[in-house]
Structures are given as C-alpha cells and as structure tokens.
Amino acid sequence: MSRRQAVKQVCAPGQPFELKSTHIRGKPCRVFVNAPLTMHDLIFENQSDLDFLIYKEERLSYETVYHHASALATALILDYGVGKGDRVFIAMRNYPEWVISLFAITSIGAIAVPVNAWWNRNELDFSLSDCEPRVVIADEERVARLAECDRITSDTKVIRVRAPKHTKLSSTTWQATIEAHAGSAMPQTGVEPDDDAIILYTSGSTGHPKGVVSSHRSILHALLSWELDWELRSQMGIYEVPEPLHQGGMLLATPLFHVAACHAAMLSCVRVQRKVVCMYKWDAELAMQLIERERLTSLLATPAISGDLVRAAKKTDHNLSSLLVVGGGGAPRPPEQVHEIAQLTDGVVPSTGWGMTETNAIGAGIAASDYLERPTSSGQCSAVLDFRIVGEAGQELAAGERGELQVRGTSMFRGYWNRPDADIEAFDGDWFRTGDAAYLDEDGFLFIVDRIKDMVIRGGENIGCGRVEAALAEHPVVLEACVYSMPDERLGEEVGATVYVGGELTESDLREFLENRLAHFEVPRYFEFRQSPLPRIASGKVAKREIQAAAKQKLLGNVA
C-alpha cells in the first residue's frame with residue numbers, strides 16, 4: 001500500500017483520523033474531525049491516575065496535573081487579572097511546574113510565552129518588552145537574572161518556582177499560589193480552536209529573535225499528525241509499534257522551551273498516556289539509569305544526544321531493552337548513527353523528521369526501514385501540510401530538482417508577534433518560505449540539502465556545508481563537525497571545519513579519510529580540532545556563526 005492509499009483509508013469518513021477540508025483565516029486546510037479543540041480539552045479529556053510527570057523522586061499523575069493547572073488558572077484570573085489574550089511568561093528549566101503552567105495559561109485563553117532558559121539579561125529584557133506579559137513564572141536562576149532586567153519593576157507580578165524570595169522582586173511562591181485555590185474548578189472563558197495559545201521565540205544566532213504565534217488548533221494538529229504517521233506505517237507494513245507490557249514513557253532530555261521538546265516529546269505523550277521523565281540537564285549515564293528504572297519506551301533528541309547515548313550504551317550493562325523509538329530532530333543525523341540506533345536493542349527503531357517552530361515541529365517524518373534505507377532523508381510530508389520546492393525565479397520544481405522548501409497547512413503558525421514586516425518577508429502567498437534548500441524524490445521523500453545561505457562558493461563551485469559535515473561525521477574519532485566558509489583572496493571562499501574529536505587525529509589523516517568521500521575542492525582547507533562539544537544555540541543546532549568567527553580569529557588572525 002502506498003502512503004497516498006494509506007492516507008485515503010485511514011483518514012476516511014468515520015475513522016479516528018478522519019480528515020476534512022475547510023478554511024482557516026481564509027486559507028484552505030485539512031483538519032482532523034476528531035481532534036481536541038483546545039489545549040484544555042487535551043488535558044481535561046485525558047485525566048487518569050497514571051503517572052504523567054516525573055522529576056527526581058516527584059511523581060504527578062495526569063489527574064493531579066489537571067487539578068494543579070485548574071488552581072493556577074484560577075489564581076491567574078482572580079489574583080493577577082489575567083484575561084484572554086494576555087501573555088504569561090514562563091522562564092524555567094524542565095520542572096513539572098513548566099508543564100502545569102502551560103496548561104493553566106492556555107486553558108483560560110491567555111497566551112503562554114515560554115522563553116529560552118539560557119538567555120542572558122539583554123535577551124530577557126527584549127522579550128519582556130516585546131510580549132509585555134501580565135505575569136512572570138520563573139525558577140531561581142531566572143528570578144535572579146530577571147531581577148537585573150530593566151523591564152522588571154516593583155509592579156511586575158512574579159510567581160517564583162523552587163526559588164527563595166529575591167530582594168529586588170515582589171513575588172509569590174508557587175506553593176502559596178496553588179494552595180490558595182486548591183480544589184477550584186478550571187475557569188471557563190470560552191476559548192476557541194483558532195485563538196492564540198503560545199508564543200515561542202525563534203533562536204536565531206544573530207539579531208533579536210522573533211515571536212512565533214501559534215493557535216490551539218495548530219498545536220493539536222501537530223500532535224495528531226505524529227499519531228497518524230505511526231498508524232500509516234502500520235497500514236503500509238513498514239512498522240507497527242508493539243504494545244508495551246507497562247506504561248510507556250518518554251525521556252525528556254532537551255529544553256521544553258524548544259518546540260520539539262514541548263510538542264513532539266511532552267505534549268505527544270498526553271493522548272497515549274505516556275509518562276514524561278524530566279531531566280535537569282543531559283547526562284548520558286543518568287539517562288540510561290532512568291531508561292532502565294522507569295522502563296522508558298521513547299527518547300526524542302538531537303543527534304548529539306542520541307549519539308552520546310549510543311556511545312555510552314556500548315560501555316555499559318544497563319538494560320535499555322524497553323526502548324522502542326529513538327527519535328530525532330533539530331539537525332540531520334550522520335547515516336552511521338541511524339544504523340547504530342537500530343542496533344541499540346533488539347526492539348528499538350530510529351526515527352527523525354523535519355519541522356520548525358513555525359510549523360509546530362511537524363513537517364516530514366521517517367522511521368524504521370524507510371529511515372534505514374534513506375538515512376539522509378527527513379521523510380514524507382504530514383497529511384495536514386503541503387510541500388513544494390521553488391526555484392530562484394519562483395517556479396515550482398519537479399522531483400529531484402533542488403530549490404527552497406516551502407510549506408503550508410493546518411499546523412502552521414499564525415504569524416510573528418508584532419512583526420507584520422517579517423510576515424510579509426516570510427510568506428509567498430499562502431506558502432511559508434523555510435529557508436531550507438531541499439528536494440523531493442519521486443516517492444515524496446524530503447531531502448534537506450542545506451540552508452539556502454549555508455553554502456561555500458569556492459571559485460564558482462557551490463559546496464554544501466551539510467554534505468561536508470556528513471562526510472566528516474563518518475570518521476570514528478569525529479564526534480561533531482561544523483563546516484563554514486573562510487575568506488580566500490584568490491578563490492573568494494575556502495572551506496573551513498571545526499571538529500570535536502574523541503581521540504587522536506591529525507589533519508593529514510583526516511584529509512586522507514575524506515579523499516574518497518568528497519570531491520577534492522570540497523575537502524576543507526582549514527581545520528580546527530577541539531576536545532570538547534561544540535557550542536549550540538537554544539534549538540540544539542551548532543552555533544555556526546560563533547564557531548566560524550573563532551576559527552577566523554585563530555586560523556587567519558583579524559579577518560572581517
């Protein structure tokens with residue numbers, strides 16, 4: 001059965017994943033007939049006594065999370081004057097309170113603004129000025145940082161989480177806020193599916209980030225799209241996830257302020273009643289302990305994290321046999337890592353996908369045998385989205401031709417917060433310009449070639465940085481690689497590479513290794529070796545501009 005045939009069958013009238021065509025804000029879309037309408041419906045309809053959130057020795061059931069969210073929602077309305085459309089700031093690590101806050105805020109029609117927990121004072125000040133939140137919910141590290149922000153005044157309303165009182169802030173504890181309204185029913189404020197639910201700031205490496213605004217419907221259709229993809233794989237005979245003999249569980253190893261962790265990892269667990277084990281920070285040894293202790297079935301992480309797990313698992317006797325799926329995102333995996341994941345345990349399958357904050361993390365997905373056969377692909381298009389590849393002149397390209405990936409559909413964001421200029425630049429009619437260079441093959445599998453501008457043009461030859469990075473990653477000693485342009489007087493640009501190595505490796509050895517994998521002009525002229533992981537921006541992607549600037553300084557001296 002082809003994917004098209006499977007979609008027609010699984011999404012037919014009367015089926016759980018029934019799809020129908022409609023218009024949202026004047027744009028044609030496909031919607032799931034049986035999807036929850038709002039974020040409140042998602043959590044309300046899935047209350048149970050099963051574990052939902054686990055952090056260290058703390059365990060909260062689905063029902064308990066809903067009751068806590070109801071108490072916080074009541075407090076936000078009665079004590080803080082929060083109304084529909086008001087913004088509420090969430091600034092903290094992956095604590096259970098983060099998740100409770102998200103459900104409380106969105107359930108009353110307010111807009112959750114989860115910000116990057118790694119941001120410094122200046123970045124926090126910008127986002128506070130940009131979204132103008134009525135309330136700030138923050139943990140101890142963020143409370144201290146916020147206290148130094150110009151936009152925080154004595155009138156700013158702060159709910160502090162796991163944090164002592166700060167002399168510069170007027171604040172109330174989380175415990176006092178919840179206890180004051182314990183037992184309260186969730187307030188009913190008439191939330192609609194296409195109301196704004198969340199603002200997630202993009203983590204661009206230069207300039208101020210943009211606030212990506214998404215509706216309840218957009219988020220929820222992302223969740224159902226992942227569920228549908230697994231059902232389609234079953235119908236097509238690609239893979240059927242076995243029913244675990246115990247409650248399934250997700251290891252939350254990346255920050256919740258990132259759309260992949262919030263949506264693809266945490267929120268995707270609710271309807272299927274998986275537990276979510278929150279990590280304070282990534283640690284491969286601790287991760288294996290948690291997988292073994294909690295019999296966790298899923299991990300969704302960046303290639304760096306899944307690579308750490310694969311390497312650590314080879315040196316341990318921890319029982320990881322409960323793992324069924326090791327998913328990915330944020331960056332392409334080296335092909336050899338895909339196969340290593342498949343060998344991690346007898347029952348595990350690798351998966352990955354392509355998505356953006358603007359698409360609510362979905363777009364394309366691939367898993368199991370499809371992924372093993374096409375380890376450089378991001379998969380096939382979600383049933384509620386459309387893809388097209390566009391050339392430089394704006395023409396739609398045929399299968400196999402490379403151009404810019406554009407996307408439209410139900411899970412797309414509404415627009416950028418207070419940035420109509422950015423909206424105009426980002427959209428080509430109904431189509432969102434992703435900025436990714438890509439092609440679709442004859443079967444509809446998406447292959448991301450590079451970012452549009454992530455190219456080295458060496459003497460007129462275009463060199464894709466991603467291609468060179470993939471070749472470097474094949475070397476057993478290379479743990480991470482970042483490729484970028486370096487200025488060259490004769491050729492315009494040369495190829496530079498910074499590599500994180502896990503052992504002894506010389507430049508000549510690496511050049512020899514690359515000779516059979518790349519054209520001679522693609523082999524980097526400049527190498528920088530590091531013995532520590534490469535720096536990353538909040539999305540988990542390598543901080544390429546920072547690395548490139550450091551390499552120019554080190555290898556070429558002061559070069560603009």
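Bear in mind that the values in this text are calculations on the coordinates, not laboratory data. Quantities reported herein were computed from a predicted structural model and do not represent experimental measurements. When we count neighbours, we look across all protein chains shown, and the Cβ atoms used for this are built from the backbone with ideal geometry, even at glycine.
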>> Compute the distance from the alpha-carbon center of segment 501-560 to that of segment 406-462, in whole Å.
In response: 26 Å
> lysines near K554 by alpha-carbon distance under 27 Å, same-chain residues fewer than 8 away left out - which ones?
Replying inline: K453, K541, K544
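So how do 505-513, 142-150 stack up, highest first, on mean other-Cβ count within 10 Å?
Numbers: 505-513: 13.9, 142-150: 18.9.
Per-residue mean Cβ counts within 10 Å order the peptides as 142-150, 505-513.
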>> Using only the alpha-carbon atoms, how far is helix 62-78 inclined from the longest principal axis of the chain? Give it as 0 to 90 degrees, nearest 10.
In response: 70 degrees
> At q = 0.16 Å⁻¹, what is the log10 ratio I(q)/I(0) for segment 456-556, with the Debye formula run over Cα points and no solvent?
Replying inline: -0.64
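Tell me, in nm to one decimal, what length is gained between E528 and L245 on full extension, where the rule is 0.36 nm per residue of separation less the Cα-Cα distance?
Details: separation 283, 0.36 × 283 = 101.88 nm, distance 4.86 nm.
Residue separation times 0.36 nm, minus the Cα-Cα distance, leaves 97.0 nm.
Ordered by packing density, taken as the mean number of other Cβ atoms within 10 Å over each peptide's residues, highest first, how do 292-305, 168-181 rank?
On the way: 292-305: 21.7, 168-181: 16.7.
Descending mean neighbour count gives 292-305, 168-181.
Given the -39500 (n - 2.57) contribution per DSSP H run of 4+ residues, what per-residue ellipticity at 222 nm results for the chain, rounded to the nearest 500 deg cm²/dmol?
Working: 16 runs with 155 residues, N = 560.
Calculated mean residue ellipticity at 222 nm is -8000 deg cm²/dmol.
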> Once you have the alpha carbon radius of gyration of segment 1-133, what is it after dividing by 2.2 N^0.38 Å, with N set to its residue count?
Replying inline: 1.34
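Counting only DSSP beta bridges with both residues in the chain, tell me the antiparallel percent, nearest 5. Let's see the in-between values first.
Values: 59 of 95 bridges.
Taking every DSSP beta bridge with both residues in the chain, the antiparallel ones total about 60 percent.
Take the residue pairs K8/K314; K281/K314; K157/K281 and return only those whose Cα atoms are more than 32 Å apart.
Numbers: K8/K314 43 Å; K281/K314 21 Å; K157/K281 28 Å.
Exceeds cut-off: K8/K314.
Using the Cβ atoms and a cut-off under 12 Å, what net charge is assigned to the surroundings of Q175, where Lys and Arg are +1 and Asp and Glu are -1? Working shown, then result.
Working: positive: R160, R162; negative: E97, E179.
Computed value for this residue: 0.
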> In whole Å, what three semi-axes, largest first, describe the equivalent ellipsoid of segment 87-174 built from its Cα gyration tensor (square root of 5 times each eigenvalue)?
Replying inline: 18, 15, 12
>> Students often forget the sequence filter, so: which aspartates and glutamates lie under 19 Å Cα-Cα from K315 once same-chain residues fewer than 8 apart are removed?
In response: D283, E285, E292, E336, E340, D346
